[in-house]
Structures are given as structure tokens and as C-alpha cells.
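This report refers to the structure that appears directly beneath it.
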Amino acid sequence: MATAAFEEIAETFAFLDDWEDRYRHVIDLGRAMPPLDEALKVPATKVTGCASQVWLYPEPAGGIFQFRGDSDAMIVRGLIAILGALYNGIPVAKVGDVDAVAELGRLGLNDHLSAQRSNGVRSIVARIREVAARA
């Protein structure tokens with residue numbers, strides 16, 4: 001159950017043969033993402049369990065899930081952008097149905113992220129699910 005935005009990323013990853021190019025693409029996705037306003041970078045929006053600093057600001061409205069995020073690490077900003085493509089715009093009730101590990105596996109990210117980054121991604125996904133469950 002991937003969004004069109006996520007499918008576009010998956011197509012780009014399939015086109016890129018080299019992992020260096022894929023990492024650059026992840027970083028480019030992070031650079032293209034608007035920064036989170038400093039006023040929203042507060043303890044309530046900070047994601048614990050990440051080696052980098054990560055903030056997620058949920059904005060679900062009208063039953064549709066949305067969030068904005070940011071990190072002090074460019075690769076993590078890119079991972080947040082990918083997760084945004086995966087989750088943003090779907091019904092809040094469907095957020096728990098998204099298998100982020102499988103979807104990121106389609107990109108090959110499960111095999112190419114360090115253990116620390118993988119733990120961080122799991123923490124971000126857990127926060128997304130938590131926010132959606134409360135919405």
C-alpha cells in the first residue's frame with residue numbers, strides 16, 4: 001500500500017545502479033524537504049532512539065495523515081522525506097497497515113543502512129504509528 005510519491009522514489013531507486021548514487025538521491029530528497037520551523041523543534045516533537053536529532057511534527061487533518069520532519073543529519077533528512085512519501089496523504093486509519101520495513105526493503109535500504117540508522121528509522125516509524133493512533 002504505497003503512495004504514488006513513494007512509488008516514484010522506488011522507480012528512481014530501481015533506475016540507479018550504484019549505492020553511492022542512491023545515497024546521493026536520499027540526501028537530495030532531504031535537501032529538497034522544507035526545514036521544520038525552529039519553534040517546532042521542542043521535546044514533544046523530538047524522536048528518541050535516533051543517533052541524530054530528529055523531530056516529527058504531525059498535522060493530521062480530516063482523517064488524512066500528514067507530518068513534517070527534520071534532522072541535523074542530511075541522510076536522516078532524506079530518510080524522513082522517504083517516510084513522508086510513504087505515509088503522508090493516506091487515511092489516518094491506514095497508517096498502522098503500512099509495512100514500512102517491507103516498503104523500505106523494496107528500496108534496498110534495510111541492507112544498506114547502519115544498525116544505528118536502522119534503529120533510528122524504526123524509532124521514527126514507531127512515532128508515526130503512535131501519532132496516528134492518537135489522531
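Nothing in this text is a laboratory measurement; each read-out follows from the coordinates by a stated rule. Note that the structure is predicted; figures quoted are calculated from it, not measured. Here Cβ is always computed from backbone atoms with ideal geometry, including for glycine, and neighbour counts include all displayed protein chains.
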Only Lys, Arg, Asp and Glu count, each charged at its Cβ (+1, +1, -1, -1), so figure out the dipole size of the stretch 4-134 about its Cα centre, rounded to 20 debye. 560 debye
Largest first and to the nearest Å, give the Cα extent of the stretch 1-57 along each principal axis. 39, 26, 21
Exposure-ranked with fewest Cβ neighbours within 10 Å first, Leu79, Leu107 stand as Leu107, Leu79
In whole Hz, what ³J(HN,Hα) sequence does the stretch 21-27 give by Karplus (6.51, -1.76, 1.60; θ = phi - 60°), x for Gly and Pro? 5, 5, 4, 4, 5, 4, 5
Got a sec? Charge dipole of the chain, +1 on Cβ for Lys and Arg, -1 for Asp and Glu; which of Phe6, Leu56, Ile75 is way out at the positive end? Leu56
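How would His112, His25 line up from fewest to most surrounding beta-carbon atoms within 10 angstrom?
His112, His25
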A correct fewest-to-most ranking of Glu20, Glu103 by other Cβ atoms within 10 Å would be Glu20, Glu103
Separation between the Leu16 and Leu40 pseudo-spin-labels, each 7 Å from Cα along Cα→Cβ, expressed in nm? 2.4 nm
If a paramagnetic tag sat 7 Å from the Cα of Glu59 along the Cα-Cβ line, which residues of the stretch 1-30 would have the backbone N under 20 Å from that point? 3-6, 29-30
Mind checking which of Val76, Val98, Val125 has the largest fluctuation in a GNM of the chain, springs on alpha carbons under 10 Å? Val98
Only helical DSSP H runs with n ≥ 4 go in: add -39500 (n - 2.57) per run for the chain, normalise by residue count and round the 222 nm mean residue ellipticity to 500 deg cm²/dmol. -16500 deg cm²/dmol
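Report the full-extension gain for the segment Ala4 to Lys94: residue separation times 0.36 nm, less the Cα-Cα distance, to one decimal in nm. Present the calculation step by step, with values, prior to reporting the outcome.
Values: separation 90, 0.36 × 90 = 32.40 nm, distance 1.55 nm.
Roughly 30.9 nm would be gained on extension.
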The distance between the Cα centres of the stretch 110-135 and the stretch 65-81, in whole Å, is 11 Å
Compute from the Cα atoms of the stretch 25-135 the Rg and the Dmax, the latter being the longest Cα-Cα distance, and quote both in angstrom. 12.9, 37
